[in-house]
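**Student:** Could you have a look at this structure, given as structure tokens, before my questions?
The values are calculated or read from the model by the stated rules, or taken from the named source; none is laboratory data. Just so you know, these numbers come straight off a predicted model, no measurement behind them. Note that each Cβ is placed from the backbone with ideal geometry, even for glycine, and that neighbours are counted across all protein chains shown. Protein only, heavy atoms only, side chains kept; ligands, DNA and RNA dropped before computing areas. Shrake-Rupley method; radii C 1.70, N 1.55, O 1.52, S 1.80 Å.
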Amino acid sequence: QAVPPDDGAGAALVLVKDPPPVQMFLPGFTVRELPVDLTNINNVLYRPDGTLVALGYNGNLWRLRDTDGDGLEDRAELYWDAKGALRGPIGIDFLPPASPHGGGTLVASKGRLTLVTDDGKDRMIAGGWPEIFPAVDTLGVAVDPRDGAVYFGRGCNNFTDPYQRDKAGKAAYKLTDETGTIQRLAPDFKTREIVATGIRFPVALRFNKLGDLFATDQEGATWAPNGNPLDELLHIQKGRHYGFPARHPKHLPNVTDEPSTFDYGPQHQSTCGFCFNEPVKAGGPTFGPAHWAGDAIVTGESRGKLYRTKLVKTPGGYVAGTQLIAALNMLTIDCCVAPDGSLVVACHGGGPDWGSGPTGKGKLFKITYTDRAHPQPVLAWPNGPREVRVEFDRPVDPQLLRDVLKQTT
């Protein structure tokens with residue numbers, strides 16, 4: 001908040017007292033906290049039947065329901081207790097009930113991919129590979145709606161020295177390694193294959209309505225020479241290499257580094273969860289103004305941000321533009337669209353970057369677009385050295401513009 005000082009030297013910055021936990025940067029939105037008492041939640045996702053499923057940092061799975069009809073889930077039911085068996089669980093998706101495996105919730109965690117059925121039974125459907133030293137390993141999971149194949153990510157083996165030498169003095173990294181990849185698990189769960197290489201830590205995976213797979217990659221490669229310091233949104237395509245580690249004239253000469261679809265800056269925004277702004281059920285509402293439909297909503301965990309990334313598919317690939325739509329005073333880990341078109345956002349408690357861990361208390365927020373009559377900015381651009389133009393999605397009351405001019409002069 002800016003206030004003019006007495007000496008006329010320019011506006012001075014003062015802190016806002018009691019800022020809201022979620023500050024939307026556009027008009028027309030209402031933010032409410034879900035009245036549930038849970039430890040930190042890593043993932044949120046609605047089932048087609050309208051039930052909100054939440055994955056705890058401790059691996060537990062919860063069903064959340066609205067019991068009084070006010071639009072907020074107020075009852076949390078624990079339907080799978082991990083009993084400490086899962087480490088670093090990040091990533092959920094659902095197998096449909098018509099699946100040969102009987103449906104259920106897929107959970108990605110360190111060293112394994114787990115299927116939890118609705119009756120609380122569980123089994124490991126992929127795993128057993130050598131562990132890497134970070135606290136996370138298997139990250140993100142998405143079911144291909146076309147054939148039921150399961151896609152998941154594997155974190156890289158060494159984020160500080162990707163070309164670390166083995167005992168024979170040769171570079172340890174190989175394109176055939178499963179670390180730092182996107183994997184495809186066949187619909188029968190019997191075989192898996194490497195889809196893409198050059199991934200650092202692919203925190204979330206989702207298919208869009210066109211059937212294309214995307215991932216957020218925590219690049220932020222400030223420890224590795226020639227690394228990209230910005231976090232990325234990637235369009236995952238079979239056989240591509242996404243630049244971590246980057247092409248190297250000696251250690252990795254025969255790759256082409258696929259560019260990201262979008263980079264989020266400044267460095268270390270820690271882009272974690274994301275969802276496509278698509279209805280839970282066909283024909284249902286989406287989040288925000290109509291022109292937001294189909295966009296990617298991305299969470300920046302470390303700096304408490306919500307991004308809206310517009311994606312357009314062209315013959316040469318996807319192009320993207322991003323708008324920062326909200327700032328939060330908590331670690332923003334994941335989000336999903338609700339059946340009524342609201343956006344549920346999961347936040348961790350604790351300080352920046354690391355938070356309070358599996359036993360800490362987080363919060364869940366629901367953001368609803370309640371004032372659809374308010375004009376929304378669509379595009380802004382400089383039209384000259386002293387002129388900025390803003391395009392709105394509908395005519396704007398001249399009085400509103402006068403009020404804006406008063407606040408900026």
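**Student:** Does residue 43 satisfy being of a type in the set (S, T, N, Q) and either touching a Pro at 6+ places or on another chain (Cβ under 6 Å) or within 21 Å of residue 343 (Cβ to Cβ) (or both)?
**Tutor:** Numbers: of a type in the set (S, T, N, Q): yes; either touching a Pro at 6+ places or on another chain (Cβ under 6 Å) or within 21 Å of residue 343 (Cβ to Cβ) (or both): yes.
Yes.
**Student:** So the check is Cβ under 6 Å with 6+ separation or different chains; which pairs have a first residue in the stretch 255-278 that's over 18 Å from residue 240 (Cα atoms) and a second one that's open to solvent by 60 Å² or more (accessible area, probe 1.4 Å)?
**Tutor:** Pairs found: 269/303; 278/209.
**Student:** Does residue 359 satisfy the criteria of being more than 17 Å from residue 72 (Cα to Cα), in contact with a strand residue (DSSP E or B) (Cβ under 8 Å, 6 or more places away or on another chain) and in contact (Cβ under 8 Å) with a residue 60 or more places away in the chain?
**Tutor:** In short, yes.
**Student:** Quick one: would you say residue 308 is outside any loop (DSSP other than H, G, I, E, B), modelled with pLDDT under 95 and not aliphatic (A, V, I, L, M)?
**Tutor:** no
**Student:** Just wondering, is there one or more residues in the stretch 26-44 that are modelled with pLDDT under 95 and either polar (S, T, N, Q) or surrounded by 15 or more Cβ atoms within 10 Å (Cβ to Cβ) (or both)? Break it down into steps so the answer makes sense when it comes.
**Tutor:** So the first thing to find is which residues in the stretch 26-44 are modelled with pLDDT under 95, and the list is 26-28.
Filter again for either polar (S, T, N, Q) or surrounded by 15 or more Cβ atoms within 10 Å (Cβ to Cβ) (or both), leaving 26, 28.
Among the residues of the stretch 26-44, at least one is modelled with pLDDT under 95 and either polar (S, T, N, Q) or surrounded by 15 or more Cβ atoms within 10 Å (Cβ to Cβ) (or both), which makes the answer yes.
**Student:** I'd like the full set of residues that are open to solvent by 10 Å² or more (accessible area, probe 1.4 Å), without any contact (Cβ under 8 Å) to a residue 40 or more places away in the chain and assigned to a loop (DSSP other than H, G, I, E, B), limited to the stretch 97-112.
**Tutor:** Selection gives 97, 98, 102, 110, 111.
**Student:** Given the conditions (1) within 23 Å of residue 213 (Cβ to Cβ); (2) in a loop (DSSP other than H, G, I, E, B); (3) under 22 Å from the mean Cα position of the chain (by Cα), which single one is not true for residue 152?
**Tutor:** (2)
This table checks each residue for (1) under 23 Å from residue 238 (Cα atoms); (2) modelled with pLDDT under 95; (3) touching a Leu at 6+ places or on another chain (Cβ under 9 Å).
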| site | (1), (2), (3) |
| --- | --- |
| 126 | yes, no, yes |
| 129 | yes, yes, no |
| 137 | yes, yes, no |
| 144 | yes, no, yes |
| 153 | yes, no, yes |
| 160 | no, yes, no |
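**Student:** On to the next question. Within the stretch 176-230, can you find the residues that are surrounded by 15 or more Cβ atoms within 10 Å (Cβ to Cβ) and basic (Lys, Arg)?
**Tutor:** 184, 192, 200, 206
**Student:** So which residues in the stretch 279-305 are part of a loop (DSSP other than H, G, I, E, B), open to solvent by less than 50 Å² (accessible area, probe 1.4 Å) and without any contact (Cβ under 8 Å) to a residue 60 or more places away in the chain?
**Tutor:** Selection gives 284, 286, 293, 295, 301, 302, 304.
**Student:** Any residue in the stretch 243-252 that is among the basic types (Lys, Arg) and under 25 Å from residue 47 (Cα atoms)? Let's see the steps before the verdict.
**Tutor:** Just the residues of the stretch 243-252 that are among the basic types (Lys, Arg), to begin with: 247, 250.
Remaining after also requiring under 25 Å from residue 47 (Cα atoms): none.
Among the residues of the stretch 243-252, not one is among the basic types (Lys, Arg) and under 25 Å from residue 47 (Cα atoms), which makes the answer no.
**Student:** If I ask for residues that are more than 20 Å from residue 196 (Cα to Cα) and either among the hydroxyl-bearing types (Ser, Thr, Tyr) or open to solvent by 50 Å² or more (accessible area, probe 1.4 Å) (or both), which ones from the stretch 250-278 would you list?
**Tutor:** 250, 264, 266, 267, 268, 270
**Student:** Hey, another quick one. Of all strands (runs of 3 or more DSSP E) completely enclosed by the stretch 338-409, which ones contain at least 1 residues that are loosely packed, with under 11 Cβ neighbours inside 10 Å?
**Tutor:** Details: elements: 343-348, 363-369, 377-384, 387-392.
The qualifying strands (runs of 3 or more DSSP E) are 377-384, 387-392.
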